[in-house]
Amino acid sequence: MRGTQSLVHICALCWKHPGLLGWELLWRWGFGIPAGAILYHQGALLAAGVSLNSVSLYQESLSLSDPLAAGQQLTLAAAALTPPLVRAALWLGPLLAVAWAVASGLGRSAVLHRLDPALRPAPLTLILLQLLRIAALVAVCVGWYRAIGWAADATLSSAAPNLVAWSAWVICLSLGIFVLWALLSWIFSIAPLLAMLQGTGVFRSLAHSLRLGALTAKLVEVNLVLGIVRLALIVLALVFSAIPLPFEADMTGTALYAWWAVVTLLYLLASDFFQVARLAAFVEFWRLYQPHTSAARPVES
């Protein structure tokens, strides 16, 4: 059976076991809400400590009809904000990364154990694997940033900047890097499962994830499909967020912010649900290809 065909059945199975999504939400939102509060507090301190009057963002509205003028305004604002932002990121970034790895290791271990009670708890290994995943994701983001910088140098540095070519490069590079990450990141998703199945360490789990034979194609297919689903969820969230804009005269202030908050919450719920579905798909395919290692069925917690 193709991975995409079985994915529909697995999503239906996860829907019938809401406790799995509950545990996923518990550890994700248990980290996300405090982290969001810390970021908001640090952002407020940063905005209060930096004067933006000199970059004309308060004196002039951001020009949407003149992209070049808007780009110059944003460049000046970025130059003013970069030094304090870098200073805050140097200590806050590693702190949040370690906290996320700990929350992910403990939470993912709990969710996987409820998907298959035969799995061995391995929270420390999962924490270290998550740290490696964060390092790989940071490297991908840095590569994307440098690629966008190259596109800007190639299309905007001449006497007649070509905004159309730059926009095309940004779209192509962003989608290409997104698809590349979706094709390769399954390694960091299956490695925790292997660690709990076989009791292996970090590097042995990563090495084994590259030698799964016919199972590899199924895992890549599922990860790519769910990556496309996540991209579709982002597009849908943007579309629903823009629905009130034609009625801006009637829907402003609290009502508009409440609408955006509801759309954001629905997006996060859907995204977390498909994260659980991906884990369940990996477990189901492992049972299919390695039936001697796990015989238990998923149970509702």
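The values are calculated or read from the model by the stated rules, or taken from the named source; none is laboratory data. None of these values were measured; they are calculated from a predicted model. Cβ: placed from backbone, ideal geometry, glycine included. Neighbour counts: every protein chain shown. Note: accessible area is taken over every heavy atom of the protein model, side chains too, but ligands, DNA and RNA are not part of it. Shrake-Rupley method; radii C 1.70, N 1.55, O 1.52, S 1.80 Å.
General observations
- Test: residue in the range 110-123 that is part of a helix (DSSP H, G or I), open to solvent by 20 Å² or more (accessible area, probe 1.4 Å) and out of contact with any Leu (no Cβ under 9 Å at 6 or more places or on another chain): no
- Test result for ALA69, modelled with pLDDT under 90, part of a helix (DSSP H, G or I) and touching a Ser or Thr at 6+ places or on another chain (Cβ under 6 Å): yes
To keep it simple, each residue is scored yes or no on (1) basic (Lys, Arg); (2) farther than 18 Å from LEU279 by Cβ; (3) more than 23 Å from the chain's Cα centre (by Cα).
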{"site": "VAL164", "(1), (2), (3)": "no, yes, yes"}
{"site": "PHE178", "(1), (2), (3)": "no, yes, no"}
{"site": "GLN198", "(1), (2), (3)": "no, no, yes"}
{"site": "GLY201", "(1), (2), (3)": "no, yes, yes"}
{"site": "ARG204", "(1), (2), (3)": "yes, yes, yes"}
{"site": "ALA207", "(1), (2), (3)": "no, yes, yes"}
{"site": "GLY227", "(1), (2), (3)": "no, no, no"}
{"site": "LEU236", "(1), (2), (3)": "no, yes, no"}
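- Test: residue in the range 244-261 that is more than 17 Å from ARG28 (Cα to Cα), in contact with a Phe, Trp or Tyr (Cβ under 8 Å, 6 or more places away or on another chain) and of a type in the set (Val, Ile, Thr): no
- Residue in the range 232-244 that is under 24 Å from GLU284 (Cα atoms), in contact (Cβ under 8 Å) with a residue 24 or more places away in the chain and open to solvent by 60 Å² or more (accessible area, probe 1.4 Å) present: no
- Among the residues listed as ALA207, ALA261, the single one being modelled with pLDDT of 80 or more, over 20 Å from ALA122 (Cβ atoms) and part of a helix (DSSP H, G or I): ALA261
- Scanning the range 39-61 for any residue that is modelled with pLDDT of 90 or more and hydrophobic (A, V, I, L, M, F, W, C) turns up at least one such residue.
- Any hit, the range 169-187, residues being outside any helix (DSSP H, G or I), without any contact (Cβ under 8 Å) to a residue 12 or more places away in the chain and out of contact with any helix residue (DSSP H, G or I) (no Cβ under 9 Å at 6 or more places or on another chain): no
- Only one entry of ARG133, ARG204 meets the criterion of being of a type in the set (Lys, Arg) and open to solvent by 70 Å² or more (accessible area, probe 1.4 Å), and that entry is ARG204.
- Pairs where the first residue, in the range 209-223, is of a type in the set (Val, Ile, Thr) and the second is open to solvent by 40 Å² or more (accessible area, probe 1.4 Å), C-beta under 7 Å, 6+ apart: VAL220/LEU183
- Subset of the range 142-166 (residues that are open to solvent by 50 Å² or more (accessible area, probe 1.4 Å) and either touching a residue at least 60 places away in the same chain (Cβ under 8 Å) or in a helix (DSSP H, G or I) (or both)): VAL142, TRP144, TYR145, ARG146, TRP150, ASP153, ALA154, LEU156, PRO161, LEU163, VAL164, TRP166
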